[in-house]
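K.L.:
Pasting in a structure now, in structure tokens, and then I'll have a few things to ask.
The values are calculated or read from the model by the stated rules, or taken from the named source; none is laboratory data. From a predicted model like this one, the values you see are computed outputs, not experimental measurements. Because the Cβ atoms are built from the backbone with ideal geometry, glycine has one as well, and the counts that use them run over all protein chains shown.
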Amino acid sequence: MSSSAMVSQVLNAFSQCTKAAEFYKVQIALENELSPAEIIELSYFVDKFPPMASQFISNMKNAVLGISSATENYQRNVISENITFYGDPRFEVSQKTLLIAYCGVAFRLMLPTPIILQYFPANQFDILKLSDGSNGFFLNGIPNFADSFETLIEKIKSQFDTRRYASIKVIGMSAGGAAALYTGMKLDAEVALSISGKHPTIYLKDQQSTLNPLAFDEQISLDVTNVCKAYAFYSANSPLDEKGANSFKKYLPNVQVLGVQGTKTHNLIHELFVANLLQAFFRQHLIAAR
């Protein structure tokens with residue numbers, strides 16, 4: 001989609017809103033999908049938008065540029081309703097890392113997507129954002145793309161030709177945390193991070209569900225040394241999230257469970273963002289991690 005078409009589409013969406021609930025629905029959809037460059041493009045036309053939309057765009061612009069004054073030039077490619085690829089085609093894929101990012105049940109990475117993307121240099125990363133529209137923790141893959149975790153991994157490998165990349169890294173938020181760890185192992189990623197995640201057996205313990213909580217485990221051979229460094233992060237002052245993170249140990253003996261000091265809520269990514277510590281966290285555990 002051209003930038004002018006994107007601006008027109010967003011303007012039209014906001015212009016049709018007559019109630020606050022309608023406005024927030026559009027806002028959330030944009031927060032979940034737009035790239036940093038698209039936010040900056042919208043800001044050039046901010047005076048054409050309704051007041052609430054103008055304020056939203058200005059706030060997002062300030063958040064993006066507060067991370068770095070140079071906008072990361074990710075181009076957005078919608079693969080399906082639940083899959084979006086972000087990359088800057090000016091840079092050679094063989095010199096980049098593919099970051100596979102699993103969303104939680106809110107279909108986001110704990111913060112608006114343009115903010116998250118701005119932390120990762122577009123000359124070093126392509127980013128594949130995945131959501132499970134069925135809220136099934138990715139145990140049955142992704143609706144209308146892959147009907148099992150095994151198929152999901154194979155389609156990621158083939159459709160995005162993971163062999164082209166210098167490395168693969170994986171992150172998953174909350175309900176996407178388990179999928180991230182197991183994906184990292186299946187793809188021999190350099191590093192895989194679960195943020196406030198827990199093993200599916202915990203999610204499904206008290207639910208009447210047809211989901212198989214061991215669907216990930218059935219795809220992993222633990223008697224083979226895996227090169228992927230796996231980490232389960234949780235808010236250090238959240239006993240519930242600590243218990244969830246430790247639930248991985250029974251099934252993934254090599255996972256390192258780490259509390260993030262100074263955080264206390266499930267959304268530790270937002271806490272780090274507010275405290276201006278998220279850049280250092282991503283740099284240490286993803287960007288520079290080996």
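K.L.:
Can you find a residue that is at pLDDT 95 or above, within 22 Å of S194 (Cα to Cα), in a helix (DSSP H, G or I) and among the aliphatic types (A, V, I, L, M) anywhere in segment 135-154?
P.N.:
Yes, there is a match, as at least one residue in segment 135-154 is at pLDDT 95 or above, within 22 Å of S194 (Cα to Cα), in a helix (DSSP H, G or I) and among the aliphatic types (A, V, I, L, M).
K.L.:
Write out, first by first residue and then by second, each pair whose Cβ atoms fall under 7 Å of each other, whose residues are 6+ apart or on separate chains, and whose first residue, in segment 254-277, is touching a residue at least 60 places away in the same chain (Cβ under 8 Å) while the second is in a loop (DSSP other than H, G, I, E, B) and not hydrophobic (A, V, I, L, M, F, W, C).
P.N.:
Correct list of pairs: V255/K249; H266/S196; H266/S238; L268/S196.
K.L.:
Checking the condition in contact with a Ser or Thr (Cβ under 9 Å, 6 or more places away or on another chain), at pLDDT 95 or above and not aliphatic (A, V, I, L, M), which residue from G177, G184 passes? So that I can check it myself, show each step before the final result.
P.N.:
Values: G184 fails: in contact with a Ser or Thr (Cβ under 9 Å, 6 or more places away or on another chain).
Matching residue, one of G177, G184: G177.
K.L.:
Provide a single number: the residues in segment 155-200 that are touching a Phe, Trp or Tyr at 6+ places or on another chain (Cβ under 8 Å), basic (K, R) and outside any helix (DSSP H, G or I).
P.N.:
1
K.L.:
Do you know which residues across segment 266-290 are under 18 Å from A122 (Cα atoms), modelled with pLDDT under 95 and loosely packed, with under 11 Cβ neighbours inside 10 Å?
P.N.:
Answer for segment 266-290, where residues must be under 18 Å from A122 (Cα atoms), modelled with pLDDT under 95 and loosely packed, with under 11 Cβ neighbours inside 10 Å: just A288.
K.L.:
Identify, from the list Q118, Q95, Q124, Q55, the residue that is of a type outside the set (G, A, S), modelled with pLDDT of 95 or more and outside the structural domain of K155 (by TED's automatic domain parsing).
P.N.:
Working: Q118 fails: outside the structural domain of K155 (by TED's automatic domain parsing); Q95 fails: outside the structural domain of K155 (by TED's automatic domain parsing); Q124 fails: outside the structural domain of K155 (by TED's automatic domain parsing).
Q55 is the lone residue from the list that is of a type outside the set (G, A, S), modelled with pLDDT of 95 or more and outside the structural domain of K155 (by TED's automatic domain parsing).
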